[in-house]
1. Considering only residues that are buried (at least 16 other Cβ atoms within 10 Å of the Cβ) and not in a helix (DSSP H, G or I), which ones fall in segment 132-148?
2. Looking only at residues in segment 11-60 that are small (G, A, S) and modelled with pLDDT of 95 or more, which one is surrounded by the fewest Cβ atoms within 10 Å (Cβ to Cβ)?
3. Kindly indicate which of F26, F30, F35 is on the phi < 0 side of the Ramachandran plot and in a strand (DSSP E or B).
4. Scan segment 7-24 for residues that are without any contact (Cβ under 8 Å) to a residue 24 or more places away in the chain and acidic (D, E) and report the count.
5. Which count do you get for residues in segment 159-172 that are surrounded by 13 or more Cβ atoms within 10 Å (Cβ to Cβ) and assigned to a loop (DSSP other than H, G, I, E, B)?
6. Which condition number does E152 fail, the rest of (1) surrounded by fewer than 21 Cβ atoms within 10 Å (Cβ to Cβ); (2) in a strand (DSSP E or B); (3) not small (G, A, S) being met?
7. Of the conditions (1) over 24 Å from E28 (Cβ atoms); (2) within 10 Å of the chain's Cα centre (by Cα); (3) modelled with pLDDT of 95 or more; (4) small (G, A, S), A71 fails just one. Which one is it?
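The values are calculated or read from the model by the stated rules, or taken from the named source; none is laboratory data. Predicted model only: the values in this text are computed from it and were never measured. Every residue, glycine among them, receives a Cβ derived from its backbone with ideal geometry; neighbour counts consider all protein chains shown.
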Amino acid sequence: MEIIKTCLDGCFILKPKVFKDERGAFFESFHKITFEKLTGMQIDFVQDNQSVSFKGTVRGLHFQTGKYAQAKLVRVIEGEVLDVAVDIRPTSTTYGKHIAVILNHNNNNQLFVPRGFAHGFITLSEKVILGYKCDNYYNKDYESGIFYDDPELNIDWKLDNSEIILSKKDRKLKFFNDLF
């Protein structure tokens, strides 16, 4: 596994070693000891989630607050997404900055999103199966989010707004400047 630092402190891209032969392919999607050695961070994942989404679906930008804040390790099992992490740590030097990474079933890359970040993605292929690990349990009372098309963040979602599919809940999310 290769760990690539991003411009946002604590946010990493994980590139697994993929072994291919005539049968197909194999890779180790996570190895705790290797992750901790290469990042210097300790992590204990307690929950795995999976979603199925169709082209144009935006999920996010979501985060958990307080004692239910979550770090996530995100990967695509089938299809392709633009995966986005936004630093919402008020004391961070990269507060309000974001990264956007293409994750798909061909590159097998993963994005580690630390606590204190909002996370979201847009489905670029016809169908996506996305999985992610969390280091804390979901709690509805501590969920929050940022509206995906916030002009302050200026995220290029790669699709025209007319192609975007949002849940009713995500249509009501706050703007970045209204978070705190």
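1. First, the residues of segment 132-148 that are buried (at least 16 other Cβ atoms within 10 Å of the Cβ): 132-136, 142, 145-148.
Within segment 132-148, Y132, K133, C134, D135, N136, G145, I146, F147, Y148 qualify.
2. Looking at the filtered set, the residue picked out is S51.
3. Numbers: F30 fails: in a strand (DSSP E or B); F35 fails: in a strand (DSSP E or B).
Step by step, each of F26, F30, F35 is checked, and only F26 is on the phi < 0 side of the Ramachandran plot and in a strand (DSSP E or B).
4. If we filter segment 7-24 for residues that are without any contact (Cβ under 8 Å) to a residue 24 or more places away in the chain, which is where we start, we get 17, 19-24.
Now narrow it down to the ones that are acidic (D, E): 21-22.
Within segment 7-24, residues that are without any contact (Cβ under 8 Å) to a residue 24 or more places away in the chain and acidic (D, E) number 2.
5. Within segment 159-172, residues that are surrounded by 13 or more Cβ atoms within 10 Å (Cβ to Cβ) and assigned to a loop (DSSP other than H, G, I, E, B) number 3.
6. (2)
7. (1)
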